[in-house]
Amino acid sequence: MAAVGELNTGDISDVDVKPPPAKSTSLASDLRQFRLNKSANPTINKTERVPGKKRIQVMADSDSDGAADIHTPKKVKLELSVKEKEDRYLAAVKIAPDYDAMDIQDALVRNGWNVSEALRYLKENFKPKPNSYAKKTIQTNNARSNSKPSQNGSSSRSKAQNYSDCDDSDDDIRASTDQVYDSEESDTESSTVMTGQRKKVFDFMNKATLMELQTVKTLSEKKASLIMELRPFKDWKDLLKKLESNKALSADLLNMAQELINKQNNVANILEKCNKMVKRLEAAIETGAGIVEQPKILNDEMKLADYQMIGLNWLTVMHNQKMNGILADEMGLGKTIQIIAFLAYLKENNLAKGAHLIVVPSSTLDNWEAEISKWCPSLVVEKYHGSQDERRRMRVRYAKDGFTGFDVLLTTYHIVSSTPEECKMFRVCKLHYVIFDEAHMLKNMTTQRYANLIKINADMRILLTGTPLQNNLLELMSLLCFVMPSFFAKSIEDIKSLFAKKGKAENANKDVSQFQETQVERAKRIMKPFVLRRLKKDVLNNLPKKESFIVKVPLTEKQKQYYHELVDYYSNKKGEICSGDRAGVTIMMEMRKVANHPLLMRYYFSDDTLRDLSERLACAPSLKKTNPQYIFEELAVMSDFQVMQLCNKHDLYDVTIPPSLICNSGKFQHLDTLLPKLKEEGHRVLIFSQFTMILDIMERYLKIRKHGFFRLDGSTAVDERQDMINDFNADSDIFIFLLSTKAGGVGINLTAADTCIIHDIDFNPYNDKQAEDRCHRMGQTRPVTIYRLIAESTIEEGMQMVAEEKLKLEKEITANEKGEVHEQKCVVRLLTMALGLDKDEEERLNNSMNNSLTSQ
């Protein structure tokens with residue numbers, strides 16, 4: 001079958017294509033004008049060969065859900081250039097702006113890129129975007145407001161946007177968009193009148209704390225302090241005069257303060273709406289579903305624990321109330337089993353309206369399949385995984401038959417949105433439940449992954465996470481938006497901008513925004529009915545205890561020398577650091593590398609040695625590059641260990657690093673003492689690291705010390721991972737399992753080990769907690785010991801301090817904003833301590849990092 005070219009709508013946004021001019025706003029006149037322009041330009045009917053572009057044969061998309069639709073108009077096979085397709089696509093978008101871009105593209109493909117046929121097909125088979133009506137209403141009301149002046153300082157636009165999916169949408173009126181300050185009217189009498197909106201802004205400017213003032217856009221700590229010095233303001237005129245007369249300030253701040261107040265009110269209104277739902281849910285949960293026995297189609301030999309039966313009852317209550325939920329039991333309490341029991345309950349009682357989709361990390365795919373097979377063999381599972389060709393054949397079958405022949409479709413986060421065809425399939429095809437394992441991956445609503453997954457077409461959603469919320473209110477709101485999109489979707493931008501604000505003042509602990517604090521507490525109350533969270537210490541009385549030790553490891557003499565040289569170098573370059581592109585993260589990463597192992601930097605191979613190696617590599621038949629200078633420049637930025645790996649890869653096996661240097665790090669020397677003792681006592685060990693390069697060096701170290709081991713990281717093939725886990729659990733002769741914290745710290749069961757060593761800690765302590773719970777979970781029969789290795793007198797001590805602060809945040813479900821520590825702020829703080837930056841240098845470094853982030 002010939003390859004079908006797909007027009008990527010994301011790639012054409014930068015193309016300078018002028019769509020046909022429209023003389024009328026009606027659909028018919030726009031289409032007529034497009035045809036006239038098309039006839040006037042004969043080149044449109046020609047096919048041109050674009051260099052470097054594939055020719056596109058227009059035909060039915062075999063990967064789509066409707067390839068076999070008998071109502072689809074007959075396709076005309078044409079060969080169009082990419083430019084011609086872009087013209088037609090942009091024209092269709094202009095004529096039908098209320099339709100989803102993917103639907104427009106799909107209609108064009110199905111109708112041979114014939115715009116008129118595609119628009120007709122679009123109208124018959126697709127619905128306009130949900131917010132298109134709201135947009136039209138806003139435009140209509142804005143047009144009316146131009147001819148009729150608004151009253152009482154409120155715009156008619158405030159009534160345009162409503163929440164049609166909420167019971168009391170009439171009360172949800174947007175705050176005024178009339179600006180409280182207009183520079184053109186600053187001298188008129190009306191400019192000093194205190195309207196309702198102006199009174200709110202006036203009170204805010206007069207009474208807000210330093211922290212509250214800093215939440216206003218463009219207001220730094222210095223400017224906020226200056227406003228406090230100008231207080232009190234007698235009236236609006238006095239406020240304007242003082243702001244305009246100060247060079248560092250501007251009266252435009254009043255409009256920005258108004259914007260902040262409006263966003264606060266909008267979010268507060270949304271949270272209030274949730275309270276009505278809360279009462280209904282709490283009453284339903286008190287009544288309970290009344291399930292006292294596990295579903296009969298579960299394996300008779302497998303029994304749910306009491307707390308898992310409670311979880312099953314909670315899931316059924318949420319189902320009966322048609323509410324989505326977050327099962328947030330602590331890691332190791334069997335969330336997988338509770339979901340299997342719930343799906344079995346739906347099947348047994350004929351409540352399933354279709355197939356269910358379970359989206360999991362790659363490392364747990366096989367484990368989910370095995371657990372379903374073990375607990376409920378009657379649930380038919382199909383894995384949507386494999387090569388592109390294999391998945392394409394599966395999509396063709398789904399397009400013809402739908403999601404039939406199975407109860408559960410199992411796939412991974414990577415696969416579910418890896419191609420436009422897959423995104424479209426899950427967006428169009430109907431599912432009953434979609435279940436997201438390790439759902440803390442959805443805590444950032446600004447990511448493309450979040451945007452793709454929220455479009456999956458399922459009636460209900462369940463999120464599973466052992467670490468529900470970690471750092472701030474924005475993460476809480478991200479999960480809330482995902483669980484209850486009908487409540488929050490229309491105000492996502494307000495939520496982002498309001499709750500992403502970070503405290504900037506040094507005295508944050510004693511000057512916390514009362515509004516933020518109140519909102520967090522209200523959000524906690526709202527979140528509780530949607531979240532079920534139990535801790536192991538509360539429900540597993542027989543789970544062996546867990547002890548954690550923080551081991552401060554001294555650096556070797558050579559390592560200490562390298563670290564101090566690095567700190568001295570950057571301490572003498574403070575000016576460059578605080579204003580240059582290398583500010584912050586890169587410097588901190590270099591300090592972390594030296595603190596963990598010198599071979600992560602380049603100290604062993606000199607420049608002269610690299611030039612000799614470049615000459616030899618240029619002659620290596622397996623290396624494509626033949627210019628020694630280019631090879632040298634590439635080697636020059638590598639670490640010692642990377643240089644050796646590259647040379648060995650291209651058959652230069654004589655290039656080695658002495659074993660003494662492999663073992664020459666403070667942490668490895670500590671392992672020289674710890675590992676033999678653990679082995680002698682019969683313990684088995686998991687070793688986690690953030691860096692795969694550390695795992696590479698660790699492999700060499702373990703071979704030198706003759707310790708048997710397995711290794712799992714992100715590059716390990718998915719179909720090999722579960723076999724390795726099973727072999728490790730079954731074979732007691734394998735002493736150590738090396739794992740990367742990200743790939744191996746999520747969702748896998750390694751209860752055969754009873755000791756966990758965190759070689760290098762993560763900025764986010766919850767990632768380390770995920771890792772240690774690979775062995776401290778249900779099924780563990782021995783006490784578990786956790787060792788966290790911290791390089792003494794290095795930046796890692798600061799990281800540990802930050803991690804402890806973050807752990808204090810999770811007292812109930814989410815963090816209180818007063819203890820929130822943003823990663824960027826952490827980097828600035830750690831480098832300030834390590835390099836001895838003064839106050840001005842710290843602020844310049846912070847600004848430099850802000851600029852580098854916004855420019856990405």
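Quick one: in the stretch 392-432, of everything that is in a strand (DSSP E or B) and among the β-branched types (Val, Ile, Thr), which residue is farthest from the chain's Cα centre (by Cα)? Here the answer is 408.
Quick one: would you say residue 639 is touching a Lys or Arg at 6+ places or on another chain (Cβ under 8 Å), under 24 Å from residue 610 (Cβ atoms) and among the hydroxyl-bearing types (Ser, Thr, Tyr)? Explain how you work it out, then say what you get.
Numbers: touching a Lys or Arg at 6+ places or on another chain (Cβ under 8 Å): yes; under 24 Å from residue 610 (Cβ atoms): yes; among the hydroxyl-bearing types (Ser, Thr, Tyr): yes.
Answer is yes for this residue.
Total residues in the stretch 212-251 satisfying the condition of being closer than 15 Å to residue 181 by Cα and of a type in the set (S, T, N, Q): the figure is 1.
Just one residue in the set 363, 378, 373 is polar (S, T, N, Q) and outside any helix (DSSP H, G or I); that residue is 378. When 754, 696, 760, 773 are screened for being touching a Gly at 6+ places or on another chain (Cβ under 7 Å) and touching a residue at least 12 places away in the same chain (Cβ under 8 Å), only 773 passes.
Looking at the stretch 236-251, is at least one residue part of a loop (DSSP other than H, G, I, E, B), in contact (Cβ under 8 Å) with a residue 40 or more places away in the chain and surrounded by 15 or more Cβ atoms within 10 Å (Cβ to Cβ)? Scanning the stretch 236-251 turns up at least one residue that is part of a loop (DSSP other than H, G, I, E, B), in contact (Cβ under 8 Å) with a residue 40 or more places away in the chain and surrounded by 15 or more Cβ atoms within 10 Å (Cβ to Cβ).
Can you list residue pairs whose Cβ atoms sit under 6 Å apart, with the first residue in the stretch 788-803 being under 23 Å from residue 557 (Cβ atoms) and the second being surrounded by 22 or more Cβ atoms within 10 Å (Cβ to Cβ) and charged (D, E, K, R)? Count only pairs 6 or more apart in sequence or on different chains. Going by the 6 Å Cβ cut-off, the qualifying pairs are 789/667; 790/796.
Values quoted throughout were computed directly from the atomic coordinates according to the rules given, and no laboratory measurement underlies them. Since the model is a prediction, treat every value here as computed from it, not as a measurement. All Cβ positions, even for glycine, are placed from backbone atoms using ideal geometry, and neighbour counts span all protein chains on display.
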